[in-house]
Amino acid sequence: GFEAAAAAAGIKYENRTDMALVYSVKPCKVAGTFTTNVVKAAPVKWDRQILESKIKSQAVIINSGIANACTGEE
């Protein structure tokens, strides 16, 4: 029940596969591991909220080459 796709989105380097989508035909439970650092980027905090809400998901978007660390409110 899973499908996946990848693309070269040009996030950091040209012609490098750096973006992926994993899709589940049925909604499924979410799991994750997180940093124990005191400083956490906004996407890490958002992902943790999703995990703790116990909402089922059907897709995950994954990027490579960018940390997204300087986003969200201070």
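The values are calculated or read from the model by the stated rules, or taken from the named source; none is laboratory data. Quick caveat: nothing in here was measured; it's all calculated off a predicted structure. When we count neighbours, we look across all protein chains shown, and the Cβ atoms used for this are built from the backbone with ideal geometry, even at glycine. Surface areas here come from the heavy atoms of the whole protein model, side chains and all, with no ligands, DNA or RNA. Shrake-Rupley method; radii C 1.70, N 1.55, O 1.52, S 1.80 Å.
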Search result, residues across the range 19-74 that are under 20 Å from PHE2 (Cα atoms) and of a type in the set (Phe, Trp, Tyr): TYR23
Scanning the range 26-42 for residues that are open to solvent by 60 Å² or more (accessible area, probe 1.4 Å) and within 17 Å of ILE61 (Cβ to Cβ) gives PRO27, ALA31
From the option list GLY10, GLY72, GLY65, GLY1, single residue qualifying as exposed (fewer than 12 other Cβ atoms within 10 Å of the Cβ) and free of Cβ contacts under 8 Å to residues at least 60 places away in the same chain is GLY1
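Pick from the range 8-25 the residues that are of a type in the set (Ser, Thr, Tyr) and closer than 14 Å to ASN63 by Cα: which of them is nearest to the chain's Cα centre (by Cα)? Break it down stepwise before answering.
In the first step, residues of the range 8-25 are kept if they are of a type in the set (Ser, Thr, Tyr); the result is 13, 17, 23-24.
With closer than 14 Å to ASN63 by Cα added as a condition, the list becomes 13, 17.
Details: TYR13: 19, THR17: 15 Å.
That would be THR17.
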